[in-house]
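Asker: Following this message is one structure expressed as structure tokens.
Each value in this text was obtained by applying a stated rule to the coordinates, not by laboratory testing. Note that the coordinates shown come from a computational prediction; the quantities given were computed from them, not determined experimentally. We place every Cβ from the backbone using ideal geometry, glycine too, and count neighbours over all the protein chains shown.
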Amino acid sequence: MYFKQILNEDAGCSSYVIASRESKEAVVVDPALDVSQYVELARRRDFHIVLAIDTHIHADHISGARLLAEQTGAQVAMHESADVLFPIRKLSDREVIPLGQLKLEVWHTPGHRPEGISLLVTNPPRGESVSLVITGDSLFVGDVGRPDFGGTEGASQQYDSVQRLLGLDDYVEVFPAHFEGSCGKGMCGRPSSTIGFERRFNPMVQLTRPDFTEAMSEAPAKPLNMTAILATNRGEADLSWAEPKVVESVDLLEVSEAASWLTTEPATVIDVREPPEFAAGHLPGAISMPQSDVASRLDELDRNEKYLVACAGGVRSLRVVHFLKSIGFARVVSLAGGTDGWISAGLAVEGAGKVALPHSGSDRYFHGSR
């Protein structure tokens, strides 16, 4: 068996290449938009990519599955319930995908997304038991995936999916789709683990169903450009340029300097938090543009104008500024310390609450632990 984990540091995402050295067939799981890395790997090792599998419809980055299929002749595969507008090989629960001597068993693990799947990998020449599982956005290292839209139904499904995965043997290696990012707030940052370690030390899996459901029912802040990314990954549009990017440098403005800076600079303040956060208190004159909608609302912005981008603590705004600079907005600045820092400094705010919000949809969702 050939197995390779490929880390996308910018997005905090992992993709995987699994291949049979005997048949030379390969599968790529959760491919990133830059598919050249998989094509080149297959060329070097004389592999033939037969499947591009997405474990779910991604909301935080553009999938490379269809592009990889175009370039290699592979099939795009997802769970049969995936709500997409292009042809796929429909996978069902407990289906076994043969790959030379290898076996990839599909488990339907909804919760983060209704169509979520995990892939159990067995290499019979080495042993008849499952040796590793690719868990998508179900079980993370130190956390579990947040239901995309919150609510008790998604939380309950996630509980069942995680418990099903925890029924695997202790030695089974865990390879999730994320090692940091917007889909879980407590990820430890390691890119892999084992079922036994997570069963013992993952705080989320220690919770009872009621406590788990309560903890998971609150929807996190939506990922950057989620509206455009979901539309692209479903096949509704081709907005690949909305893929979040990191540029070499961005401008930061400390809270201590921001108030005087705004009195001298003709800048518009863009608040990229969720609407409830904005309503509870924001910088005077700020406009609400949740980060999930930035790419979809670019026609409201002028590339020649100056913008100060604010969030809760400065992480979401930093990512938005990186993205805006990457597509030609040269005069964008991120408010370091964010609105929380602004309020803590005793500066004036507008909005009903006029107090700093608890971090219910906060920037912690965009870190993971580092």
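Asker: So what does log10 I(q)/I(0) come out to for the chain at q = 0.06, 0.09 Å⁻¹, using the Debye formula with one equal point on every Cα and no solvent?
Answerer: -0.24, -0.53
Asker: At what distance in angstrom do the alpha carbon centres of the stretch 106-150 and the stretch 213-274 lie from each other?
Answerer: One Cα centre to the other: 29 Å.
Asker: Further question: Add -39500 (n - 2.57) for each DSSP H run of 4 or more in the chain, then divide by its residues: what number comes out at 222 nm, to the nearest 500 deg cm²/dmol? Walk me through the numbers on the way to the answer.
Answerer: Details: 10 runs with 92 residues, N = 370.
That calculation yields -7000 deg cm²/dmol at 222 nm.
Asker: To the nearest 20 Debye, how big is the dipole of the chain about its Cα centre, given +1 on the beta carbon of each Lys and Arg and -1 on that of each Asp and Glu? It would help to have the intermediate numbers written out before the result.
Answerer: Values: 34 positive and 50 negative charges, 145 e Å.
It comes to approximately 700 debye.
Asker: While we're on this one: Tell me the net charge near ASP170. Cut-off is 13 Å between Cβ atoms, ASP170 excluded, with +1 for each Lys or Arg and -1 for each Asp or Glu.
Answerer: Working: positive: ARG199, ARG200; negative: ASP169, GLU173, GLU198.
Residues close to ASP170 contribute a combined charge of -1.
Asker: Which aspartates and glutamates does LYS245 reach when only Cα atoms under 12 Å apart count, and residues fewer than 8 places away in its own chain are ignored?
Answerer: Excluding near neighbours in sequence, the set is GLU9, ASP10, ASP60.
Asker: Identify, among PHE3, HIS56, PRO191, the residue whose Cα sits farthest towards the positive end of the charge dipole of the stretch 2-216, taking +1 on the Cβ of Lys and Arg and -1 on the Cβ of Asp and Glu, with the dipole about the Cα centre.
Answerer: Final value for the positive-end residue is PHE3.
Asker: Pick from SER129, SER156, SER288: which residue has the top mean-square fluctuation in a GNM of the chain where Cα pairs under 10 Å get a spring?
Answerer: Greatest mean-square fluctuation among the candidates belongs to SER129.
Asker: Next question, about the same structure. LYS90: which aspartates and glutamates have alpha carbons under 16 Å from its alpha carbon, excluding same-chain residues fewer than 8 sequence positions away?
Answerer: In chain and number order, the partners are ASP30, ASP54, GLU80, GLU105, GLU115.
Asker: Between the stretch 4-59 and the stretch 157-178, how many Å separate their Cα centres?
Answerer: 21 Å
Asker: Which of THR227, THR264 has the fewest other C-beta atoms within 10 Å, and how do the rest follow up to the most? Don't skip to the answer; put the middle values down first.
Answerer: Values: THR227 19, THR264 7.
So the residues, fewest neighbours to most, are THR264, THR227.
Asker: Could you please rank CYS188, CYS13, placing first whichever residue has the fewest other Cβ atoms within 10 Å of its Cβ? Please report the intermediate quantities before stating the final value.
Answerer: Details: CYS188 17, CYS13 22.
Lowest count first: CYS188, CYS13.
Asker: Arrange the following residues from fewest to most other Cβ atoms within 10 Å of their Cβ: PHE47, PHE86, PHE329.
Answerer: Final ranking by Cβ density, sparse to dense: PHE86, PHE329, PHE47.
Asker: Now for a separate question. Which loop GluC sites (Glu not before Pro) in the stretch 219-297, with loop taken from DSSP, have no more than 10 other Cβ atoms within 10 angstrom of their Cβ? Mind showing how you got there, number by number?
Answerer: Details: sites: GLU236, GLU248, GLU254, GLU257, GLU277; in loops: GLU236, GLU248.
In loop regions of the stretch 219-297 (DSSP not H, G, I, E or B), the sparsely surrounded GluC sites (Glu not before Pro) are GLU248.
Asker: Another question, then. Considering only LEU301, LEU224, LEU99, give the residue with the highest GNM mean-square fluctuation for the chain, with springs between Cα atoms whenever their separation is below 10 Å.
Answerer: Comparing LEU301, LEU224, LEU99 in a Gaussian network model of the chain, the most mobile one is LEU301.
Asker: Considering the chain as a Gaussian network with a 10 Å cut-off on Cα pairs, which listed residue, PRO275, PRO125, PRO176, attains the greatest mean-square fluctuation?
Answerer: PRO125
Asker: From the Cα gyration tensor of the stretch 156-310, with a ≥ b ≥ c the square roots of its eigenvalues, which class applies: rounded if a/c is under 1.5, or else prolate if a/b is larger than b/c, or else oblate?
Answerer: Numbers: a/c = 2.36, a/b = 2.01, b/c = 1.17.
Prolate.
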